[in-house]
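Let me begin by presenting the structure, written as structure tokens, before commenting on it.
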2 protein chains.
Amino acid sequence: MADHFGEFTPPARVLLGPGPSMVHPRVLRAMSSRLLGHLDPAFLRLMDEVQDMLRDVFRTRNRFTIAVSGTGSAGMEAALVNVIEPGDRVIVGVNGVFGARMAAIVERCGGSLIRLEAPWGRIVDADAIAQALARSSPVKAVALVQAETSTGAHQPLEEVGLLCRRHSALFIVDAVTSLGGMPVEVDSWGIDACYSGTQKCLSCPPGLAPLTLSDRAMEAMRRRTAPCQSWYLDLALVADYWAQSKRSYHHTAPISMLYALREGLRLVLEEGLPARFERHRLNSSALMAGLGALGLTPFAEEGHRLTTLHCVTLPAHVQDAPVRAELLQEFGIEIGGGLGVLQGKAWRIGLMGESSTRANVLSLLGALDKIFLRHQWITRPGTALQAASRVYFEHGQQIPA
Amino acid sequence: MADHFGEFTPPARVLLGPGPSMVHPRVLRAMSSRLLGHLDPAFLRLMDEVQDMLRDVFRTRNRFTIAVSGTGSAGMEAALVNVIEPGDRVIVGVNGVFGARMAAIVERCGGSLIRLEAPWGRIVDADAIAQALARSSPVKAVALVQAETSTGAHQPLEEVGLLCRRHSALFIVDAVTSLGGMPVEVDSWGIDACYSGTQKCLSCPPGLAPLTLSDRAMEAMRRRTAPCQSWYLDLALVADYWAQSKRSYHHTAPISMLYALREGLRLVLEEGLPARFERHRLNSSALMAGLGALGLTPFAEEGHRLTTLHCVTLPAHVQDAPVRAELLQEFGIEIGGGLGVLQGKAWRIGLMGESSTRANVLSLLGALDKIFLRHQWITRPGTALQAASRVYFEHGQQIPA
């Protein structure tokens, strides 16, 4: 027998990494509610409410709008393996880790991958997608990452949605790091499959992947000649559980996580999407101004940067791991390191959902200020805070009192 | 925008279905702890502790002993798709819904399925497995459900473990409804892959699948010529996150669920496995005595019945759905209906983990007593309670005061 472990009390952390983000006390309280069976009428009502609210957040009327019982990557896999059959041509934009992950999944499920590379930090060009669509017709699907968590790049989608319609291709979008923090317009942008994760801008614990499929995507699923490779993520089976008219058992839904998601969605809708997006924009501007004053530079190309996840490259003299360790140990602040080729060379700072507050921006900049001074990487204290507060001040001036 | 929904307060339920089972307040409290990042040193320590305790519960020294980020069915899929390659011969015992599910997954991942049927409610005969192993050599794996949740049958495993070793086949076992409630001896029974779910006898919310793999299973994974079809459930990648020496990011772990599992495992080990199994046995005997007095008969063959999940068939005059609705609405008690061919003809009553208490047994029997009297299916009140209390009384006599 293992030694008996004591009670676990997590240390206090300000979560400003690429996720999980901070969770509202109301969501934590919802998680601790007593359990219901997964076929209890009261729980089935909750599922309907979750679906309703997810439709609002995804800006869609898609009937099939659910939460997959897994983290964001399960949502990615579900979106891809259900519509793609062996031999189907699929264009995947690859400009970071998550585009590469999509490409890997397309290959694992036997799709014929058309890999459309763009340099990390840049967006995938709509013209390049148009050319690939014309060159490789017929294309079953185009898959893009709206918010590339590894680079901070913000991929525009609207034009690609039109291209996909014109070429009768399905449009699959990764909105893991954007949903609930930046505009995601599933219906008006012509997106056929869109998935996210709960632990980013929805500010719930990780463990569920919101997912919505258009009727065109559902039709592609229905027309498959063989069932998809995954039983667990087979959305044709999952749909029969979420559908009001059926409720057929597939797997036991993660009850407590769905309690959390319901409460998280309530918080999102109470704030309202426009106000929420504006909050993310403002805190993002202030953070970037402060980081700029410390000599950190945004990695993603200008005009295409996320306001939820900030990837900044470090000057050569700034050490990655030691600073992140100091932030965590001394200040209880978590930020993320660089992924893949950016490992050791960049930080990824999330201001998502509950984490996107003025207090967090100022705490982080104040802490970095102190650490940078101690290492003599800057000479004047308060530079970063000053730059950030100028943004908040100017914003205040623009708003009618 | 959807109408704004109010706060959700789940009605009080006594959960005596096939899962989720009741959750201890300590586990609920753990779920509401503030979040940590999935690479936070404090969280990585928690993962190590979860692994340690899972090894104790699985009775194994397997290094690879983790919790898959999905429900029990994700554990099933992970166990199968990682070791089975296209063309591999796999013997699957099918004597209920979950054996059939294993068979379906083997087919989806391209395995050559050898379906060994047994009538529902009966166990799969070791001789039949021996013959199939001899006839179809080489066989990559034998897969069995220890606790068939659809029938209540308890599959013996030890002899099959020996057969598998003799034929160099991997032994894959579904312990979803047994782990933590009945003996599961991974090492001494020669099991190579064993998975469970958190919402049964471990009495945590649904959402994680404990899984352990022997070195032989790990070796089979390592020797694959192509990666497994699932990226999300690719255990070679998942292993690199759980391994102390690596901690490579794969997907964001479901933090709060792992808090819950840690606390649930602490409760299991505080009680001790032998005491826990004995508790399940006693309450099971009392329940079955009471149900017998009401004219319900155990579905699984004698000598091979679970003490965690009880499948009983209904006399022709007893109506299924109305009684379950009365139990739920009038008494707040959930039991499960029959699955598949048993739909409408049987009930599945779980006494798992925190749900396995004398109070719950007596509450359920008292409620059934009242309902059966009202419908005039029995004439004498208290029959079921009397039968159950006799079991408790006799048990009390055997124990030294």
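So is residue A:124 crowded, with 23+ Cβ neighbours inside 10 Å and assigned to a loop (DSSP other than H, G, I, E, B) or not? So residue A:124 fits the description; yes. Of the set (1) within 13 Å of chain B (Cβ to nearest Cβ); (2) touching an Asp or Glu at 6+ places or on another chain (Cβ under 8 Å), all apply to residue A:62 but (1).
Tell me, yes or no, whether the stretch B:139-149 has at least one residue that is crowded, with 24+ Cβ neighbours inside 10 Å, farther than 30 Å from residue A:107 by Cα and within 14 Å of chain A (Cβ to nearest Cβ). Checked the stretch B:139-149: at least one residue is crowded, with 24+ Cβ neighbours inside 10 Å, farther than 30 Å from residue A:107 by Cα and within 14 Å of chain A (Cβ to nearest Cβ). Checked against (1) closer than 21 Å to residue A:203 by Cβ; (2) assigned by TED's automatic domain parsing to the domain that holds residue A:123, residue A:286 passes all but condition (2).
Check B:258, B:237 and return the single one that is in contact (Cβ under 8 Å) with a residue 24 or more places away in the chain and either over 25 Å from residue A:11 (Cα atoms) or within 14 Å of chain A (Cβ to nearest Cβ) (or both). Steps first, please.
On the way: B:237 fails: in contact (Cβ under 8 Å) with a residue 24 or more places away in the chain.
Result of the check over B:258, B:237: B:258.
Suppose the filter is within 11 Å of chain B (Cβ to nearest Cβ) and either under 23 Å from residue A:40 (Cα atoms) or not hydroxyl-bearing (Ser, Thr, Tyr) (or both); does residue A:183 pass it? Lay out the reasoning, then the answer.
Numbers: within 11 Å of chain B (Cβ to nearest Cβ): no; either under 23 Å from residue A:40 (Cα atoms) or not hydroxyl-bearing (Ser, Thr, Tyr) (or both): yes.
For residue A:183, the condition - within 11 Å of chain B (Cβ to nearest Cβ) and either under 23 Å from residue A:40 (Cα atoms) or not hydroxyl-bearing (Ser, Thr, Tyr) (or both) - is not met.
Does residue A:346 satisfy the criteria of being exposed (fewer than 14 other Cβ atoms within 10 Å of the Cβ), without any contact (Cβ under 8 Å) to a residue 60 or more places away in the chain and under 18 Å from residue A:308 (Cβ atoms)? No. Residues that are farther than 16 Å from residue B:296 by Cα and assigned to a helix (DSSP H, G or I) are absent from the stretch B:344-352 altogether.
Let's see how each residue does on (1) out of contact with any Leu (no Cβ under 8 Å at 6 or more places or on another chain); (2) within 12 Å of chain A (Cβ to nearest Cβ):
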{"site": "B:217", "(1), (2)": "no, no"}
{"site": "B:254", "(1), (2)": "no, yes"}
{"site": "B:267", "(1), (2)": "yes, yes"}
{"site": "B:273", "(1), (2)": "yes, yes"}
{"site": "B:287", "(1), (2)": "no, no"}
{"site": "B:292", "(1), (2)": "yes, no"}
{"site": "B:302", "(1), (2)": "yes, no"}
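Would you confirm whether or not the stretch A:333-343 contains a residue that is of a type outside the set (S, T, N, Q), closer than 23 Å to residue A:14 by Cβ, within 14 Å of chain B (Cβ to nearest Cβ) and in a loop (DSSP other than H, G, I, E, B)? For the stretch A:333-343, residues of a type outside the set (S, T, N, Q), closer than 23 Å to residue A:14 by Cβ, within 14 Å of chain B (Cβ to nearest Cβ) and in a loop (DSSP other than H, G, I, E, B): present.
Does residue A:100 qualify as being within 12 Å of chain B (Cβ to nearest Cβ) and assigned to a strand (DSSP E or B)? For residue A:100, the condition - within 12 Å of chain B (Cβ to nearest Cβ) and assigned to a strand (DSSP E or B) - is not met.
Take residues that are surrounded by fewer than 16 Cβ atoms within 10 Å (Cβ to Cβ) and modelled with pLDDT of 95 or more and tell me which of the helices (runs of 4 or more DSSP H) falling wholly in the stretch A:230-315 contain 3 or more. Don't jump to the end; show me each part of the working.
Working: elements: A:235-242, A:255-271, A:273-293.
Per the criteria, A:273-293.
Of all residues in the stretch B:47-56, those that are surrounded by 18 or more Cβ atoms within 10 Å (Cβ to Cβ), more than 8 Å from chain A (Cβ to nearest Cβ) and out of contact with any Ser or Thr (no Cβ under 8 Å at 6 or more places or on another chain) total 2. Of all residues in the stretch A:204-229, those satisfying the criterion of being part of a loop (DSSP other than H, G, I, E, B) and surrounded by 20 or more Cβ atoms within 10 Å (Cβ to Cβ) are A:204, A:205, A:206, A:207, A:208, A:214, A:228, A:229. Specify the residue that is farthest from the other protein chains (Cβ to nearest Cβ); the eligible residues are those in the stretch B:8-46 that are of a type in the set (A, V, I, L, M, F, W, C), surrounded by fewer than 20 Cβ atoms within 10 Å (Cβ to Cβ) and part of a helix (DSSP H, G or I). Filtering the stretch B:8-46 for residues that are of a type in the set (A, V, I, L, M, F, W, C), surrounded by fewer than 20 Cβ atoms within 10 Å (Cβ to Cβ) and part of a helix (DSSP H, G or I), the one farthest from the other protein chains (Cβ to nearest Cβ) comes out as B:44. Screening the candidates B:107, B:117, B:185, B:158 for the property of being surrounded by fewer than 23 Cβ atoms within 10 Å (Cβ to Cβ), within 24 Å of residue B:229 (Cα to Cα) and out of contact with any helix residue (DSSP H, G or I) (no Cβ under 7 Å at 6 or more places or on another chain) yields one hit, B:107.
The values are calculated or read from the model by the stated rules, or taken from the named source; none is laboratory data. Just so you know, these numbers come straight off a predicted model, no measurement behind them. Cβ: placed from backbone, ideal geometry, glycine included. Neighbour counts: every protein chain shown.
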